[in-house]
1. Which residues, taken from the range 195-222, are among the hydrophobic types (A, V, I, L, M, F, W, C) and in contact (Cβ under 8 Å) with a residue 12 or more places away in the chain?
2. Residues of the range 174-194 being over 30 Å from Glu80 (Cα atoms), touching a residue at least 24 places away in the same chain (Cβ under 8 Å) and either open to solvent by 60 Å² or more (accessible area, probe 1.4 Å) or assigned to a helix (DSSP H, G or I) (or both), which ones?
3. Determine which single condition Leu161 fails, assuming it passes every other condition in (1) loosely packed, with under 15 Cβ neighbours inside 10 Å; (2) assigned to a helix (DSSP H, G or I).
4. Would you be able to say whether some residue in the range 71-93 is outside any strand (DSSP E or B), open to solvent by less than 80 Å² (accessible area, probe 1.4 Å), of a type in the set (Lys, Arg) and modelled with pLDDT of 80 or more?
Amino acid sequence: MKTNNRLTLSFIFILFFFSSVSLAQNRANYNYGNSNYDADKKPNQELPQATILGSSLQELEATVLMNVTADEYVAMFHIEQKGKELKDVQENMDKRIANFQKGLIELGIKENEMIIDFLSLVPEYEYDVEKKFFSRTYNEVPVGFELKKNVHVRFKDNKILDKIIAKAAENEIYDLSKVEYFIKDTDILYQKLRKKAFEIIAKKEKLYDSLNIKLSKAEKVADENFQTFFPFDRYRSYEAISKGKTSFSKNYKVNDKNRSPSAFYEKLDYDNIECIINPTILEPAVQLFFTLKVRYTLPKEEKDDKTIYILTPTGELKKVNLKE
């Protein structure tokens, strides 16, 4: 029996150990580097509460979300060129951009899918020190020029972005400023969301009718709202690091490693959204959100009171039932 007890305890310890490891993997590195994260704190368990507006008022709401893969993308690359002579600055900039465009054409991107956006051309200055016996003067003198441009590239296949970045790097273009997402026929997509929201409201009305709350016969006032969420606004950054802990002397200097923060795409939270179209997404998607709210004013119940009071000539108040 003692051997069996030891085996049982060992099994429980191993099971606990591996479940702990699995939990850590599921939490991922974001929670590890999040200073506000508490591993011992329980997840939020607060649930939304129903509210009664009044005896004659009722509100129903439908929320619908649709995840849509972008039809087209536009990548924006920032380029800077500096030099002493303006002519050299312009020629070097034009050469870099031309070679970059040539590489893009090799990837199948057409010339009309690229555009150059001029930003600025400014002179650069430094200070020249003029020394005298009892004074020193700093004079600002021109030393060169700085030219800035952006190159916009339109493409349809998101998988080609890595190759576009590689072509840019070959020409010393390292600054990818932004990637914009575009979807077609947004009016048709929102019409689908609106139709789905109306269906949800209609189903809820039938359920309330089964409770003898006749919303279908009530006066209705409705309002709707929508919003589009793009991936470049949905990225979050974090640092998954573990710093050493030690005590330092009074006169100390700490040299920390230069750590670059990580980032990940975080979709809209699905909490409190009733209907989600295309819920599972692999790549960052454009998210279309639509909400419909309907307020009902229920008719007041008519009192079935057919009794009146009559004052007789003798001054007596007499009750009369009109049903009789």
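The values are calculated or read from the model by the stated rules, or taken from the named source; none is laboratory data. Keep in mind the model is a prediction, meaning the values are calculated, not measured. Cβ coordinates were reconstructed from backbone atoms using ideal geometry, including for glycine residues, and neighbour counts include every protein chain displayed. Side chains included, ligands, DNA and RNA excluded: accessible areas come from the protein's heavy atoms. Shrake-Rupley method; radii C 1.70, N 1.55, O 1.52, S 1.80 Å.
1. Of all residues in the range 195-222, those among the hydrophobic types (A, V, I, L, M, F, W, C) come to 197-198, 200-202, 207, 211, 213, 215, 218, 221-222.
Of everything in the range 195-222, those that are among the hydrophobic types (A, V, I, L, M, F, W, C) and in contact (Cβ under 8 Å) with a residue 12 or more places away in the chain turn out to be Ala197, Phe198, Ile200, Ile201, Ile213, Leu215, Ala218, Val221, Ala222.
2. Across the range 174-194, the qualifying residues are Lys184, Thr186, Leu189, Tyr190, Lys192, Leu193, Arg194.
3. Against the list (1) loosely packed, with under 15 Cβ neighbours inside 10 Å; (2) assigned to a helix (DSSP H, G or I), Leu161 comes up short only on (1).
4. Within the range 71-93, not a single residue is outside any strand (DSSP E or B), open to solvent by less than 80 Å² (accessible area, probe 1.4 Å), of a type in the set (Lys, Arg) and modelled with pLDDT of 80 or more.
Yes/no matrix, rows are residues, columns are (1) within 17 Å of Lys293 (Cβ to Cβ); (2) surrounded by 12 or more Cβ atoms within 10 Å (Cβ to Cβ):
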| site | (1), (2) |
| --- | --- |
| Lys204 | yes, yes |
| Tyr208 | yes, yes |
| Asn212 | no, no |
| Leu215 | yes, yes |
| Ala218 | yes, yes |
| Asn225 | yes, no |
| Phe230 | no, yes |
